[in-house]
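Down below is the structure, laid out as structure tokens.
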Amino acid sequence: MTSAFLLLQLMIGKFDYVEMNFSDIPEAVKSGKVDAGLVIHETQLSYEQEGNVKILDVGEWWDKTTNGLPVPLGINVMKTSLGMETIVKFDKYLQSSIEFGLENFKDAIDYAMQYSRGKPQDLIEKFVKMYVNQVTVNMGDPGEESIRRLFEMAKERKLVPDFELSIATK
């Protein structure tokens, strides 16, 4: 249950699917093992070089549906029972870590390349810049609205259980 999978269900409704490791999806589609696949991570930039074609784009759909709200991917969550003080403390540590990575971008990319699954460095840099930026540091009001909209839509369509959404105070 990735946020990308939830967005796809919001876009096209529930569907039969085969669960697999995200890195196996491009080959499964290319070989005909599955009819289509949801690509995430850097494969959203390399799917064509891997012999596949795009038929839908959940990011474009989200942008049009929400009038430009940021795509709510990779959301960090914590149990509210940990207490707001712990949650805010963790959030500050995570924010500092992201800022450190941005300030030391070359070193961060060099480190990330060990997880690149053979992709070229320029592609990895482009991918990282898509998802590690100032919105990652602080999503602001548009980001919060995006998260609220995602879960409102998902609850309406019964894709997630009913729950009370709580976003840590700033």
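The values are calculated or read from the model by the stated rules, or taken from the named source; none is laboratory data. Since the structure is predicted, the reported quantities are computational estimates derived from the model, not experimental observations. Methodologically, a virtual Cβ is constructed for each residue, glycine included, from the backbone with ideal geometry; neighbour enumeration extends over all protein chains shown. Calculation scope for accessible area: heavy atoms of the full protein, side chains included, ligands and nucleic acids excluded. Shrake-Rupley method; radii C 1.70, N 1.55, O 1.52, S 1.80 Å.
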Surface accessible to a 1.4 Å probe, per residue, for the residues of the chain, Å²: 69 Å²
Computed from these coordinates, which is semi-axes √(5λ) of the Cα gyration tensor in Å: [x] 53, 19, 13; [y] 67, 24, 18; [z] 27, 24, 14? [z]
For a quick size check, give me the Cα extents of region 32-131 along its three principal axes, largest first, whole Å. 49, 35, 29
Return the loop-located trypsin sites (Lys or Arg not before Pro) in region 1-78 (DSSP other than H, G, I, E, B) with at most 10 other Cβ atoms within 10 Å of their own Cβ; answer none if there are none. LYS14, LYS54
Please identify the longest segment of the chain free of exposed GluC sites (Glu not before Pro), where exposed means a DSSP state other than H, G, I, E or B and no more than 15 other Cβ atoms within 10 Å. 51-163
At 222 nm, what value in deg cm²/dmol follows for the chain if DSSP H runs of at least 4 each add -39500 (n - 2.57) and the sum is divided by all its residues, to the nearest 500? -15500 deg cm²/dmol
As straight-line cross-link partners of LYS33, the qualifying lysines (C-alpha separation under 28 Å, not fewer than 8 residues apart within one chain) are LYS14, LYS54, LYS119
Within region 41-97, what whole-number % of the accessible surface is contributed by carbon and sulfur, with the 1.4 Å probe and all protein chains included in the calculation? 52 percent
So what's Rg/Rh here for region 80-170, counting alpha carbon atoms and using the Kirkwood radius for Rh? 1.06
